[in-house]
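First up is the structure itself, then whatever we jot down about it.
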Amino acid sequence: MILLRLFYEFFLTGLFAIGGGLATVPFIERISERTGWFTRQTLVDMIAVSEATPGPIGINMATYVGYVTAGIPGAVVASIAEVLPSVIIVLIMARFLKAFAAHPTVQAVFYGIRPASVGMIAAAGFGVLKIALLNLPGYDASRAVADLFQWKSLILAGALFVVLNMKKLRIHPALAIAGSALIGIVFRF
Amino acid sequence: MNTHLDLFLTFCKIGGLTFGGGYSMLPMLQREVVESREWTTEAEIMDYYAISQCLPGLIAVNVAVFAGSKVKGPAGGICAALGVVFPSMVVITAIAAFLTNFAELPAVQSAFAGIRVCVLVLICQAINKLRKSSVVDWKTAALCAAVFLLSILTGVSPIVYVVAAALAGVLIQWRAARGRLDS
């Protein structure tokens with residue numbers, strides 16, 4: 001029965017959480033309060049692990065909650081249940097898009113939302129920039145400009161920028177990620 | 001290779017190499033789905049992101065389903081969705097079972113500090129490519145800049161921006177069409 005309940009809770013989460021992985025956190029908090037399957041502290045750990053492992057954060061959290069609650073079957077049921085509503089909705093939207101893609105009004109809508117989408121992705125990138133390159137707590141403590149940047153990260157960013165822009169190399173993003181992880185470990189970022 | 005299997009495996013690869021939210025999947029999508037396999041265009045990926053922001057569910061999964069269904073209909077969408085989800089299931093189950101203090105390990109924290117820098121540079125490159133197909137005149141440039149600034153300065157839901165941008169797009173094109181009729 002716990003699997004059915006798990007399915008129900010995560011189906012609801014997938015249906016009502018709009019705006020990506022971290023938007024599911026309030027829903028998962030609610031599951032914790034109502035069912036007592038896991039504590040708030042476990043939830044904090046789950047978010048940390050989900051951000052520090054490959055895969056979209058939302059799926060990672062669903063799998064984690066499912067596993068903690070009901071083992072491997074729980075992990076599978078929770079992830080599938082969370083994904084199911086959006087799969088259905090997107091398939092309907094995709095059919096609609098295909099039918100009306102050439103309509104001038106639909107074209108006009110895309111003309112407007114494409115640049116907005118770039119703006120939102122750039123804002124997400126700016127959020128990563130603050131965590132990856134800056135050291136805001138250190139700067140607040142000392143007020144010294146030298147403490148504002150994480151210098152090792154800044155150097156790595158510069159190097160990656162040069163190497164990844166060499167058209168001839170065509171380095172795969174996966175290789176760049178693996179290399180950066182290794183550099184992070186070796187130079188103790 | 002069977003296209004359904006190819007969709008599943010490609011999105012497995014993309015899901016397994018996404019660190020962070022759905023936006024960090026973008027560089028991998030461009031390389032695998034747009035450049036290597038030519039399943040969609042840059043502009044289509046942009047549309048998928050914009051619509052996915054407004055739909056329920058995870059952005060990464062929504063974008064995968066859009067791309068998969070463009071290639072092979074509903075079955076293709078489902079293959080892509082399963083592909084994005086699969087690596088998470090394996091990795092998280094393994095960590096939950098054996099490494100409960102995974103996120104606190106110093107080596108893991110160092111590795112992720114490095115990965116974050118890489119994700120940042122990759123996103124900058126991805127945005128630069130997308131800019132060409134979406135920011136086509138001064139009006140779209142203004143829209144893009146406005147949404148960027150409002151997103152970092154306020155906590156308004158992305159849905160508001162997408163709906164407002166859609167209305168702005170219709171209005172701009174409608175005025176342009178009327179201008180053509182008048183002259």
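The values are calculated or read from the model by the stated rules, or taken from the named source; none is laboratory data. These figures come from a predicted structure and were not determined experimentally. Here Cβ is always computed from backbone atoms with ideal geometry, including for glycine, and neighbour counts include all displayed protein chains.
Numerical summary
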item	result
Residues of the range A:145-182 classified as more than 29 Å from B:V34 (Cα to Cα), over 22 Å from the mean Cα position of the chain (by Cα) and assigned to a helix (DSSP H, G or I), total	7
Some residue of the range B:35-47 being closer than 22 Å to A:P85 by Cβ, part of a helix (DSSP H, G or I), within 13 Å of the chain's Cα centre (by Cα) and facing another protein chain (nearest Cβ under 7 Å)	yes
Residue in the range B:34-51 that is among the small types (G, A, S), surrounded by 22 or more Cβ atoms within 10 Å (Cβ to Cβ), closer than 23 Å to A:L15 by Cα and in contact with a strand residue (DSSP E or B) (Cβ under 9 Å, 6 or more places away or on another chain) present	no
Residue tally, condition crowded, with 18+ Cβ neighbours inside 10 Å and among the polar types (S, T, N, Q), over the range B:57-102	4
Members of the range B:108-136 found to be without any contact (Cβ under 8 Å) to a residue 12 or more places away in the chain and either more than 7 Å from chain A (Cβ to nearest Cβ) or not in a helix (DSSP H, G or I) (or both), listed by number	B:Q109, B:N128, B:V135, B:V136
Considering residues of the range A:36-73 that are more than 7 Å from chain B (Cβ to nearest Cβ), closer than 12 Å to B:I92 by Cα and of a type in the set (A, V, I, L, M, F, W, C) only, the residue surrounded by the fewest Cβ atoms within 10 Å (Cβ to Cβ)	A:I47
Enumeration of residues in the range A:18-32 that are more than 9 Å from chain B (Cβ to nearest Cβ) and over 13 Å from A:V65 (Cβ atoms)	A:P26
Residue match in the range B:153-164 (condition: at the interface with chain A (Cβ under 7 Å from one of its Cβ atoms), part of a loop (DSSP other than H, G, I, E, B) and modelled with pLDDT under 95)	yes
Residue in the range A:90-111 that is touching a residue at least 12 places away in the same chain (Cβ under 8 Å) and in a helix (DSSP H, G or I) present	no
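Yes/no matrix, rows are residues, columns are (1) among the hydroxyl-bearing types (S, T, Y); (2) within 18 Å of the chain's Cα centre (by Cα); (3) within 30 Å of A:R188 (Cβ to Cβ); (4) at pLDDT 90 or above:
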| residue | (1), (2), (3), (4) |
| --- | --- |
| B:C79 | no, yes, no, yes |
| B:V84 | no, yes, no, yes |
| B:S88 | yes, yes, yes, no |
| B:F98 | no, no, yes, no |
| B:N101 | no, no, yes, no |
| B:E104 | no, no, yes, no |
| B:F112 | no, no, yes, no |
| B:V147 | no, yes, no, yes |
